[in-house]
Amino acid sequence: MAPTPHRDPDPQWAPPAPDGGGGPDAGADPAELDADARALASSLRLRILRMCLDDALTNREIADRLGKNPATVLHHVRTLVDRGFLAADPVRRGARGSREVPYRATRKSWRAPDFPGKWQLMLSTFVEEVAEADPDSVRMTRLGVRLSADEHDELMSRVDAFFTELAERRPTPGGRPYSVLFALHEDAGRLPRQ
């Protein structure tokens with residue numbers, strides 16, 4: 001697969017609001033958090049957000065990249081716009097003079113709440129994206145460890161700090177886009193049998 005040309009990031013880029021690493025806003029309305037969770041409960045929507053992270057894309061551009069029908073994609077785009085995960089840039093004229101609305105990710109999803117099934121959704125979205133990646137660009141490591149509660153807390157604190165640093169870092173002009181997934185789970189297969 002040929003690499004996709006990358007344009008320089010948006011000069012209006014701003015990091016996600018600092019809040020301790022991706023948690024929802026304190027005191028947020030539970031109904032609003034639930035609506036946000038429902039808006040994100042789709043691997044297609046998560047992929048749309050990732051595609052619009054650096055460059056504003058029109059509905060047709062998003063649909064072409066996903067290999068989907070533009071009408072189907074528009075439903076998802078509108079849901080993300082309604083919940084503030086995507087924002088419309090100024091209208092522009094397309095190649096044939098048609099009116100096009102480019103959309104850009106707001107980075108609100110970094111602060112999105114947890115919801116039932118979130119980890120399965122994030123993992124399946126990551127697998128879809130990895131399947132499209134150049135195999136030479138994929139690096140993975142899998143490790144089994146035993147940690148005390150204090151060691152677990154220290155690890156999570158370090159990981160949270162690192163991901164917060166990455167999320168707040170301004171994209172490097174001309175840099176290659178990468179996706180990072182961190183997963184830590186209790187290794188049920190190694191637990192003592194009852």
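The values are calculated or read from the model by the stated rules, or taken from the named source; none is laboratory data. Everything quoted here is computed from the prediction, not taken from an experiment. FYI the Cβ positions are ideal-geometry reconstructions off the backbone, even for glycines, and counts take in every protein chain you see. Surface accessibility is based on the protein's heavy atoms, side chains included, excluding ligands, DNA and RNA. Shrake-Rupley method; radii C 1.70, N 1.55, O 1.52, S 1.80 Å.
Residues to consider are 31, 35; find the one that is assigned to a helix (DSSP H, G or I), out of contact with any Phe, Trp or Tyr (no Cβ under 8 Å at 6 or more places or on another chain) and touching a residue at least 40 places away in the same chain (Cβ under 8 Å). Steps first, answer last, please.
Working: 31 fails: touching a residue at least 40 places away in the same chain (Cβ under 8 Å).
None of the others qualify; the one that does is 35.
Restricting attention to region 148-171, report how many residues are out of contact with any Phe, Trp or Tyr (no Cβ under 8 Å at 6 or more places or on another chain), at pLDDT below 90 and not in a helix (DSSP H, G or I). Final tally of qualifying residues: 1.
Looking at region 74-84, can you tell me whether even one residue there is under 20 Å from residue 163 (Cα atoms), surrounded by 11 or more Cβ atoms within 10 Å (Cβ to Cβ) and out of contact with any Phe, Trp or Tyr (no Cβ under 6 Å at 6 or more places or on another chain)?
So far as region 74-84 goes, no, none of its residues is under 20 Å from residue 163 (Cα atoms), surrounded by 11 or more Cβ atoms within 10 Å (Cβ to Cβ) and out of contact with any Phe, Trp or Tyr (no Cβ under 6 Å at 6 or more places or on another chain).
Could you check, for region 63-71, whether at least one of its residues is at pLDDT 95 or above, part of a loop (DSSP other than H, G, I, E, B) and surrounded by 14 or more Cβ atoms within 10 Å (Cβ to Cβ)? Within region 63-71, one or more residues are at pLDDT 95 or above, part of a loop (DSSP other than H, G, I, E, B) and surrounded by 14 or more Cβ atoms within 10 Å (Cβ to Cβ).
From the list 171, 192, 177, the one residue that fits, being touching a residue at least 40 places away in the same chain (Cβ under 8 Å) and open to solvent by 70 Å² or more (accessible area, probe 1.4 Å), is 177. Scanning region 97-137 for residues that are open to solvent by 40 Å² or more (accessible area, probe 1.4 Å), within 20 Å of residue 63 (Cα to Cα), part of a helix (DSSP H, G or I) and not charged (D, E, K, R) turns up 124, 127, 130, 131. Taken over region 139-194, the criterion of being closer than 20 Å to residue 54 by Cβ and of a type in the set (Val, Ile, Thr) is satisfied by 164, 172, 180.
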